[in-house]
Amino acid sequence: MKRRNFLQKAALGSVGITALGSSIAAKASTPNQTKDRQEIPPLNSSLPVVIATWSVEDATQKAWQSLQDGTTALEAVIAGCGVEEANAKGQSVGIGGLPDRDGRVTLDACVMNEKGDYGAVLCMQNIMHPIAVAKMVMEDTPHVIMAGVGAEEFAVSQGFKRENLLTEQSKKDWEIWKKTSRYKPIINIENHDTIGMLAVDKNGTISGGCTTSGLAYKMAGRVGDSAIIGSGLFVDNDIGAATATGLGEEVLKTVGSYLVVELMRQGKSPQEACELAIERIIEKTPNFEDFQVGYIAVNKKGETGAYSIHEGFTITTYQNQKNTISNSSFYNKK
Ligand code: ASP
């Protein structure tokens, strides 16, 4: 099930849907109009908080519960992201992820903790939980990134089991795609569904994780932003954290999550920082109509923000005992 469909279903269910920053969205529809940002209403700043890209209330619920049980923010993020990695119906993360153009499911994931430690796996096959392997790279090796077969062998040496991640549905979809495929990555703004998750515990300790199967039908060996420090994820425990979803090439070129955190360091709110980082992409990339990027951010106080280029980006926030799916505000109002 595509996350957009999931959202439509969730809208009918028990999870509340709100339009985060919709007043801001109306004002921020062109770069020049974003000067009105002072009018942004203050956001909820209660701790703890868990925030994730897309409509993933089971994942945020798991992370929240983990925090309630007294785990670290990092462990909470790994538990939360793990829910989506194990969800075979999600075609963007872990098992069920859409494959590259040659039919291989390759996963990228990273984690970052409050000490600024970072670990990542890139282009890893056959292991359902790359986020947990990324944590082991961070904690149990002298390295920060492992890729491909080496990452897979490391995971197996740590007790992970190899399994086929290409589900029948994803195989079927790939076979349909092959009939009409052009030899370049598909850029479909409804098809960017990386799970980035940020958690701040009750003491203000921040960690984050990001996990993805990357762009559907990418070229073999392609790696996006999601597992690259500063692009798909960045955490600075003195300031806050940010994570990204969407066309990784554009996030990488602007080192997007680092940019969001640095903007917060300069005094911007998480919402303002996400908007400015999206505007940076728009200023540099005339064809922004053709792709989606979304950022989420949280600061040390637990204030949150989210912004995307196009409509359709949703976020899930667990805060004040409430698990809420929100529509992100966005730039392109055409
Ligand atoms: N950011 C991911 C990548 O470029 C894709 C996504 O968010 O769906 O690999």
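The values are calculated or read from the model by the stated rules, or taken from the named source; none is laboratory data. Here the structure is a predicted model, which is why all the values come from computation and not from measurement. For neighbour counting, all protein chains shown are included, and Cβ atoms are generated from backbone atoms with ideal geometry for every residue, glycine included.
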Yes or no: VAL260 free of Cβ contacts under 8 Å to residues at least 60 places away in the same chain, more than 8 Å from the ligand (Cβ to nearest atom) and crowded, with 23+ Cβ neighbours inside 10 Å?
yes
Return a yes/no flag: does the stretch 284-298 have any residue that is within 16 Å of the ligand (Cβ to nearest atom), in a helix (DSSP H, G or I) and of a type in the set (Phe, Trp, Tyr).
yes
Criterion: under 20 Å from SER213 (Cβ atoms), touching a helix residue (DSSP H, G or I) at 6+ places or on another chain (Cβ under 8 Å) and modelled with pLDDT of 95 or more - qualifying residue of LEU122, LEU74, LEU98
LEU122
Would you pick out the residues in the stretch 65-98 that are hydroxyl-bearing (Ser, Thr, Tyr), touching a residue at least 60 places away in the same chain (Cβ under 8 Å) and not in a loop (DSSP other than H, G, I, E, B)?
none
Hey, any hits in the stretch 265-278 for a residue that's within 11 Å of the ligand (Cβ to nearest atom) and surrounded by fewer than 19 Cβ atoms within 10 Å (Cβ to Cβ)?
no
Any residue in the stretch 283-297 that is within 21 Å of GLY208 (Cβ to Cβ) and over 18 Å from the mean Cα position of the chain (by Cα)?
no
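Let's see how each residue does on (1) under 14 Å from the mean Cα position of the chain (by Cα); (2) modelled with pLDDT of 95 or more; (3) β-branched (Val, Ile, Thr); (4) within 14 Å of VAL200 (Cα to Cα):
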{"residue": "SER45", "(1), (2), (3), (4)": "no, no, no, yes"}
{"residue": "ALA52", "(1), (2), (3), (4)": "yes, yes, no, yes"}
{"residue": "SER55", "(1), (2), (3), (4)": "yes, no, no, no"}
{"residue": "ASP58", "(1), (2), (3), (4)": "no, yes, no, no"}
{"residue": "TRP64", "(1), (2), (3), (4)": "no, yes, no, yes"}
{"residue": "ASN87", "(1), (2), (3), (4)": "no, no, no, no"}
{"residue": "GLY103", "(1), (2), (3), (4)": "no, yes, no, no"}
Counting only residues that are part of a loop (DSSP other than H, G, I, E, B), buried (at least 24 other Cβ atoms within 10 Å of the Cβ) and without any contact (Cβ under 8 Å) to a residue 60 or more places away in the chain, the stretch 99-127 contains a total of 1
Considering only residues that are within 15 Å of GLU275 (Cα to Cα), away from the ligand (no atom under 13 Å from the Cβ) and not in a strand (DSSP E or B), which ones fall in the stretch 234-252?
none
One residue is enough: does the stretch 149-169 have a residue meeting the conditions closer than 21 Å to THR53 by Cα, modelled with pLDDT of 95 or more and of a type in the set (Phe, Trp, Tyr)?
no
When every residue in the stretch 220-233 that is within 12 Å of the ligand (Cβ to nearest atom) and either of a type outside the set (Ser, Thr, Tyr) or out of contact with any Leu (no Cβ under 9 Å at 6 or more places or on another chain) (or both) is compared, the one nearest to ARG265 (Cα to Cα) is LEU233
Is there any pair linking a residue in the stretch 135-160 that is under 19 Å from GLY230 (Cα atoms) to one that is assigned to a loop (DSSP other than H, G, I, E, B) and modelled with pLDDT of 95 or more, with Cβ under 6 Å and at least six apart or on different chains, and which?
MET138/ASP117
Can you give me the number of residues within the stretch 203-219 that are among the small types (Gly, Ala, Ser), within 15 Å of the chain's Cα centre (by Cα) and either within 11 Å of the ligand (Cβ to nearest atom) or assigned to a loop (DSSP other than H, G, I, E, B) (or both)?
2
Looking at VAL200, VAL255, which one is more than 11 Å from the ligand (Cβ to nearest atom), β-branched (Val, Ile, Thr) and more than 18 Å from LEU122 (Cα to Cα)?
VAL200
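For residues that are free of Cβ contacts under 8 Å to residues at least 12 places away in the same chain and either acidic (Asp, Glu) or more than 22 Å from SER207 (Cα to Cα) (or both), tally how many sit in the stretch 277-327.
Matching residues across the stretch 277-327 total 2.
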Only one of ILE127, ILE78 is among the hydrophobic types (A, V, I, L, M, F, W, C), within 21 Å of ILE315 (Cα to Cα) and away from the ligand (no atom under 16 Å from the Cβ), namely ILE78
